[in-house]
1. Name the residues in the range 132-154 that are over 18 Å from residue 219 (Cα atoms) and at pLDDT 90 or above, would you?
2. Tell me, please, whether a residue that is in contact with a Ser or Thr (Cβ under 9 Å, 6 or more places away or on another chain) and either among the basic types (Lys, Arg) or in a helix (DSSP H, G or I) (or both) can be found in the range 28-35.
3. Testing residue 45 on (1) closer than 21 Å to residue 252 by Cα; (2) modelled with pLDDT under 95, one condition comes back false. Which one is that?
4. State whether the residues of the range 169-176 include one that is part of a loop (DSSP other than H, G, I, E, B) and buried (at least 22 other Cβ atoms within 10 Å of the Cβ).
5. For the structure I just gave you, tell me whether residue 54 is free of Cβ contacts under 8 Å to residues at least 12 places away in the same chain and either in contact with a Lys or Arg (Cβ under 7 Å, 6 or more places away or on another chain) or not polar (S, T, N, Q) (or both).
6. Based on this model, can you work out whether residue 112 counts as out of contact with any Asp or Glu (no Cβ under 7 Å at 6 or more places or on another chain) and modelled with pLDDT of 90 or more?
7. Restricting to the range 223-251, what's the tally of residues that are more than 18 Å from the chain's Cα centre (by Cα) and either in contact (Cβ under 8 Å) with a residue 60 or more places away in the chain or farther than 20 Å from residue 133 by Cβ (or both)?
8. Quick one: would you say residue 34 is under 21 Å from the mean Cα position of the chain (by Cα), charged (D, E, K, R), at pLDDT below 95 and crowded, with 18+ Cβ neighbours inside 10 Å?
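The values are calculated or read from the model by the stated rules, or taken from the named source; none is laboratory data. Bear in mind the structure is a predicted one, so any value in this text is a computation, not a measurement. Ideal geometry is used to build each Cβ from the backbone, glycine not excepted, and the neighbour counts take in all protein chains shown.
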Amino acid sequence: MAEHKRVIIIGSGPAGLTAALYSSRARLDTLVLEGQQPGGQLTITTDVENYPGFADGIQGPEMMDILRKQAQRFGAETRFETISKVDFSSRPFKLESEKNSYTADAVIISTGASAKLLGIPSESEYWGLGISACATCDGFFFRGEKNLFVIGGGDTAMEEAIYLTNFAEKVTILNRSENFRASKIMFKRAKEHEKIEILTNVVVAEFVGETINGAKRLTGAIVEDTVSGEQRRIDAGGAFIAIGHKPNTDLFEGIIDMNETGYIITKPGSTYTNIEGVFASGDAQDWTYRQAVTAAGTGCMAAIDAERWLAEIGG
């Protein structure tokens, strides 16, 4: 028999756990189903220095543990389960995980997004040790570096490269072809920037690094010419992969309205989706900012929207 909850939150990053905090403080019976990456992307982030309230910074996993405990303090329940099926065609809504079946009066989707990666073995070896997918999040840690890589050819790559010039002496954009997806104006800004070099027809074959006093760090990459096949090493103190993000929304395809890249569309100024009683927050619906603090803000919004909607329909 399905277990019923007043509010079920799918996902447990800053958006999901903030939603749980607000929902449980409103005395709504709240369950968080944490998903395949409990705590979200911050659990694979080392130092978090741009989240308000932590003057000396904090480790990503520690921060998410604090958010989880704060939500639990007010009664929110969290379970390490992944939702595999939803039915939003009638209320109460139906959800299924690999372990249990649930029904809910309101659902908050906070499934986040995942950075698209290169998929080479050395990428995971140096992830968080010189490789990142967010210049805004991590650029500050690379201040004073002689060279940083930005891998990609779209607007995000151009924006990240320009941003990183605030910290490094030089930024090298690596693009796999001579064609760029970036808008003309963004490409022009990057190309004309005195601290940016653009290399075309190159891919990263392997990231390389060194270990000093037991600490591993990235020192460069072996890049391969896509035309000649020739390989060479380029030194860099950091690499930022900017080939896009994929929202974790496949579960809701054909059910919830999304844009062409899979981000959930919410009604302007709210977290309402096209289905009454289903709300979306965090990186699953934010393709612009993708920051922990903005995700937390929309998690708060989603919980308040859900609380008010439940009151309107009768408690």
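1. Of everything in the range 132-154, those that are over 18 Å from residue 219 (Cα atoms) and at pLDDT 90 or above turn out to be 152, 153, 154.
2. No, the range 28-35 contains no residue that is in contact with a Ser or Thr (Cβ under 9 Å, 6 or more places away or on another chain) and either among the basic types (Lys, Arg) or in a helix (DSSP H, G or I) (or both).
3. Checking residue 45 against (1) closer than 21 Å to residue 252 by Cα; (2) modelled with pLDDT under 95, the one that fails is (1).
4. Applying the first criterion (part of a loop (DSSP other than H, G, I, E, B)) to the range 169-176 yields 169-170, 175-176.
After this cut, where a residue has to be buried (at least 22 other Cβ atoms within 10 Å of the Cβ) as well, the list is 175.
Yes, the range 169-176 contains at least one residue that is part of a loop (DSSP other than H, G, I, E, B) and buried (at least 22 other Cβ atoms within 10 Å of the Cβ).
5. Yes: the conditions hold for residue 54.
6. On the way: out of contact with any Asp or Glu (no Cβ under 7 Å at 6 or more places or on another chain): no; modelled with pLDDT of 90 or more: yes.
So residue 112 fails the test.
7. Narrowing the range 223-251 to residues more than 18 Å from the chain's Cα centre (by Cα): 223-238.
Subsequent filtering for residues that are either in contact (Cβ under 8 Å) with a residue 60 or more places away in the chain or farther than 20 Å from residue 133 by Cβ (or both) retains 224-238.
Residues in the range 223-251 being more than 18 Å from the chain's Cα centre (by Cα) and either in contact (Cβ under 8 Å) with a residue 60 or more places away in the chain or farther than 20 Å from residue 133 by Cβ (or both): 15 in total.
8. On the way: under 21 Å from the mean Cα position of the chain (by Cα): yes; charged (D, E, K, R): yes; at pLDDT below 95: yes; crowded, with 18+ Cβ neighbours inside 10 Å: yes.
Against the criterion (under 21 Å from the mean Cα position of the chain (by Cα), charged (D, E, K, R), at pLDDT below 95 and crowded, with 18+ Cβ neighbours inside 10 Å), residue 34 qualifies.
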